[in-house]
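S.K.: Take this structure first; my questions come after.
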Amino acid sequence: MSGTLHQSSPCKVNLLLNILGKRADGFHELETVMLPVALCDDLILKRAGHGITFTCSEPALPTDSRNLVVRAAGQFLARAGISDGVSIHLEKRIPMAAGLGGGSGNAANTLLALNELFDYPLHAPDLQTLAAGLGSDVPFFLQSGPALATGRGEHVKALDPFNALRGHWLFLVHPGFGISTPWAYQQLANFPEALNGQAGRANRLVDALQQGDLNAAKTDFYNSLEAPALRKYPILRLYQEFLREQGAWVSLMSGSGSTTFALFESEAIGRRMLPQFKTEFGGKCWTALVALEG
Ligand code: C5P
């Protein structure tokens, strides 16, 4: 049972993030439509020594228990009653504090990989409980397709593929600064309309996307957290306007930001837009163009 395990850790975008109100526990009730994106960090895991040894390619990330990977590993070993050690390396490619769920995906994939490495001591409900305790977005990454998430984000319903997105390309741009998730949620108090969305938008969007009708879906892409984020960072609004002018079906902020995404009908349209985007906004921001499976 020795050997090294390589685990890909993808990211996500929120095609819709509709906040329905603030709860007594301080979290926000929401409905969100999440799409996995094949842009991945890599986790390399080995059974070794005692305790948890963690290294990371990104010096800005803490390597102690503030890191979600270390927390996930610690909780996994404790729940499974395993006293053997493990070493984990994280090769980071997904931008951080970006609204792409990179850290949440790392945590979920640590749980999945450790379960494989130690011969499946935990069952799905245990993994689910650990994931929900690690963060609202973590349970989504225990599965691999599009999903509808409710509650504070931890109740995940896997969805059939989105036919409307098949063959489309996703453009992502990170402006070089992050947005703190707690900050974005706290700011909603100043935007009552964004704080108190009507439930049901998510199902409308999902129906249209599954039926292959991007035109009908278009008006239901929405993110409540844009209200505070675009007010503070107007550059994000400029990105969206530019991307729509360049032929994007939709352009929206993902999660609590700061990444903006745009949907293009073809790779060619996306590639044609890229140099113009760099001319308009400078070459320093992080960008990616990724094929969607739907
Ligand atoms: O669950 P997670 O650790 O990702 O949440 C980070 C922060 O985002 C929370 O502490 C809370 O301030 C905010 N949040 C929220 N409502 C949610 C999810 C997150 O208020 N549904």
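Every number here is computed from the coordinates shown, using simple stated rules; none is lab data. As the structure is a computational prediction, the values presented were derived from the model and not from experiment. Please note: Cβ atoms are built from the backbone with ideal geometry, for glycine as well, and neighbour counts cover all protein chains shown.
S.K.: Please check the chain for the longest run free of trypsin sites (Lys or Arg not before Pro) that are loop-located per DSSP (anything but H, G, I, E, B) and have at most 12 other Cβ atoms within 10 Å.
M.R.: 167-283
S.K.: Whole number please: convex hull volume per residue, Cα atoms of the chain, in Å³.
M.R.: Roughly 129 Å³ of hull volume per residue.
S.K.: If you don't mind, there's one more thing I want to ask. Taking only DSSP H segments of four or more residues, each worth -39500 (n - 2.57), what value at 222 nm results for the chain once the sum is divided by all its residues, to the nearest 500 deg cm²/dmol?
M.R.: About -9500 deg cm²/dmol.
S.K.: From the square roots a ≥ b ≥ c of the eigenvalues of the alpha-carbon gyration tensor of the stretch 155-277, which class results: rounded (a/c under 1.5), prolate (a/b over b/c), or oblate?
M.R.: Oblate, because a/c is 1.5 or more while a/b does not exceed b/c.
S.K.: When each pair of different Cα atoms in the stretch 229-294 is counted once in the 1/r mean, what is the Kirkwood radius in angstroms, to one decimal?
M.R.: Taking every pair of different Cα atoms in the stretch 229-294, averaging 1/r and inverting gives 12.4 Å.
S.K.: Which Rg and Dmax, in Å, describe the Cα atoms of the stretch 22-102?
M.R.: Here Rg and the maximum Cα pair distance are 15.6, 45 Å.
S.K.: Counting Lys and Arg as +1 and Asp and Glu as -1, each charge on the Cβ, what is the dipole of the chain about the Cα centre in debye, to the nearest 20?
M.R.: In total the dipole reaches around 540 debye.
S.K.: Now a separate question. Could you work out the equivalent-ellipsoid semi-axes for the stretch 127-176, taking the square root of 5 times each eigenvalue of the Cα gyration tensor, largest first, in whole Å?
M.R.: Ellipsoid half-lengths, sorted descending, are 24, 17, 9 Å.
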